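Just below is one structure, and these are the notes that go with it.
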Amino acid sequence: MSTAVVAGRPAALLLPALPALPARFERVPAVAAVALLPWLVVLAVGHETPWVVLDLLEFAALLSLDALLRRRSAAASWAGGAVALLLAGDALADIACAGPGHAVLAALVMALCVELPLAAVCLQLGRTAPVRR
């Protein structure tokens, strides 16, 4: 497998070296996917089709990341990035589409307390996942 090179340096050197998360964090994507199911039901009952589709994509990406982490696949880094991108996009869309007042506050709280921290954990899990050779 080749390593990407940017400006004569391996791309891995451009990212700061962060320690791996404790082993207990490896189950976070699966737990987050299961926790998303009740919210999917609420959205489906309210006929919020675009949000259901986005959250189903997040659900599938979280389960995919969990499976790749358990298999110690090199593709876990890509899945971690995809989950982080979906979650960050969801947070941005929630804030942008929220009505005035309490709706914006609720979207900000959800983004800052759930979606963005989960995105950071998934990204870090993907970056530091041990790979089976």
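Quick note: the coordinates plus some simple rules give every number you see, no bench work behind them. Keep in mind it's a predicted model, so treat the numbers as computed, not measured.
Rounded to a whole number, what is D in µm²/s for segment 26-127 from Stokes-Einstein with the Kirkwood radius over alpha-carbon pairs (37 °C, 0.692 mPa s)? Don't skip to the end; give the middle numbers.
On the way: Rh = 13.8 Å.
Approximately 238 µm²/s, per Stokes-Einstein.
Output the 0 to 90 degree angle, nearest 10, between the alpha-carbon long axis of helix 28-45 and the longest principal axis computed from the alpha carbons of the chain.
Compared with the principal axis, the helix lies near 30 degrees.
Taking 0.36 nm per residue of separation and subtracting the Cα-Cα distance, what length does fully extending LEU56 through ARG132 add?
24.5 nm
Nearest 500 deg cm²/dmol is fine: what mean residue ellipticity at 222 nm does the chain get from its DSSP H runs of n ≥ 4 alone, each adding -39,500 (n - 2.57), divided by its residue count?
Values: 5 runs with 83 residues, N = 133.
Helix-only estimate at 222 nm: -21000 deg cm²/dmol.
Please report, in cubic angstrom per residue, the volume enclosed by the convex hull of the alpha-carbon atoms of segment 51-105.
Measuring per residue, one finds 70 Å³ for the Cα hull of segment 51-105.
Let me check against my output: what whole-number percent is the relative contact order of segment 26-127, with C-alpha pairs under 8 Å and at least 6 apart?
Relative contact order comes out at 30 percent.
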